[in-house]
1. For the stretch 40-60, give me each residue that is loosely packed, with under 10 Cβ neighbours inside 10 Å and under 25 Å from V71 (Cβ atoms).
2. Any residue at all in the stretch 9-24 that's exposed (fewer than 14 other Cβ atoms within 10 Å of the Cβ) and in contact with a Leu (Cβ under 8 Å, 6 or more places away or on another chain)?
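The numbers here are math on the coordinates, done by the rules we state, and not lab data. Fair warning: this is a prediction, and the values are worked out from it, not measured in the lab. No Cβ is skipped: glycine too gets one built from the backbone with ideal geometry, and neighbour counts run over all protein chains shown.
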Amino acid sequence: MKKNTFTLVLLLIIGLAAGSLAGQSLASVPALAFLTKSVPLVWQPKADLLVIKYDLDFHLNLNLISIIGLVAAFWAYRKL
């Protein structure tokens, strides 16, 4: 597989999704509560340029397991 930006972004999204799914499945385990506590990140860019007006909302819930998934995805990208 060729290393390029698209491959990196794809692997990071897959790693983030896998980490989030693992975090949701482990949320019922009380001993792992520190891994599954989520922090919401919100970015809302807006502009009104008289010709074009846009309003975007990006919401991201990060937990420690999803960050571990991102690190694992970056590690897999480096190993390609």
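1. P40, V42, W43, F58, H59
2. Here is the first cut: in the stretch 9-24, the residues exposed (fewer than 14 other Cβ atoms within 10 Å of the Cβ) are 9-10, 13, 17, 21.
Subsequent filtering for residues that are in contact with a Leu (Cβ under 8 Å, 6 or more places away or on another chain) retains none.
No, the stretch 9-24 has no match at all.
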